[in-house]
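The block underneath contains the structure these notes are about, expressed in structure tokens.
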Amino acid sequence: MKYVALLRGINISGKNKIAMSELKKVMAERYENVTTHLNSGNVIFDCDSDEREAIRNDIHQLIADNFQLDIPVFVITADELEDLLDHAPKWWATADKKIYDNLIFLIPPTVCAEVYGALGEPKPEIEKVEEYANSIFWSFDLDSYRKSDWWVRSASTDIRDKITIRTANTMKKVLEICRKQK
């Protein structure tokens, strides 16, 4: 089965550094057809198991053992990612360069209500949100994003270790890689 692991908070501002070549090497000791995309911890791989929690815990432990980092890990199947992107709202991932489109993945057992509780209500004049399959599509106006409570709080509250955020373009490219490998 094709999986995607998203590592939260690596290689940001010189913190939690993991070379993707090293990550790929470590992952390839346990999983098949390992590929990484970008330097932000997007790993595509094959695994026979359907025990997602076990896979997530295994990757977490691999990172702890090999890189001495406690990194939250989100795991999704390629089919689930495709379904998620197929259900994106019409306003998400458009060609409008003034809008920044993200996808918030909730690391189990986190639920959407916890995210809203930590981040507050989105400001409709700045951002749009819509949830699907325990993930949240989130877009905001680039000119006004600093006025968004979500922008500030997603990195400064305790919810930060329970979510990982990727751009629309990143997730589209990850899905494209998954499709090519099938």
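The values are calculated or read from the model by the stated rules, or taken from the named source; none is laboratory data. Computed from a predicted structure; not experimentally measured. As a convention, Cβ positions derive from the backbone with ideal geometry for all residues, glycine included, and neighbour counts pool all protein chains shown.
Odds and ends about this structure:
- All positions within region 70-92 that are in contact with a Ser or Thr (Cβ under 8 Å, 6 or more places away or on another chain) and either surrounded by 15 or more Cβ atoms within 10 Å (Cβ to Cβ) or of a type in the set (Asp, Glu) (or both): 72, 74, 84, 92
- Tally, over region 14-38, of residues that are under 25 Å from residue 110 (Cβ atoms) and not basic (Lys, Arg): 8
- Test: residue in region 21-28 that is surrounded by fewer than 17 Cβ atoms within 10 Å (Cβ to Cβ) and in contact (Cβ under 8 Å) with a residue 60 or more places away in the chain: no
- Selection count where residues are in contact with a Cys (Cβ under 8 Å, 6 or more places away or on another chain) and either over 22 Å from residue 169 (Cα atoms) or surrounded by fewer than 17 Cβ atoms within 10 Å (Cβ to Cβ) (or both), scope region 95-129: 0
- Evaluation of residue 63 against (1) assigned by TED's automatic domain parsing to the domain that holds residue 15; (2) surrounded by fewer than 19 Cβ atoms within 10 Å (Cβ to Cβ) (one fails), failing number: (2)
- A single entry from 70, 101 fulfils the requirement of being free of Cβ contacts under 8 Å to residues at least 12 places away in the same chain and within 24 Å of residue 119 (Cα to Cα): 70.
- Across region 130-164, the number of residues qualifying as touching a helix residue (DSSP H, G or I) at 6+ places or on another chain (Cβ under 8 Å), of a type outside the set (S, T, N, Q) and buried (at least 19 other Cβ atoms within 10 Å of the Cβ) comes to 8.
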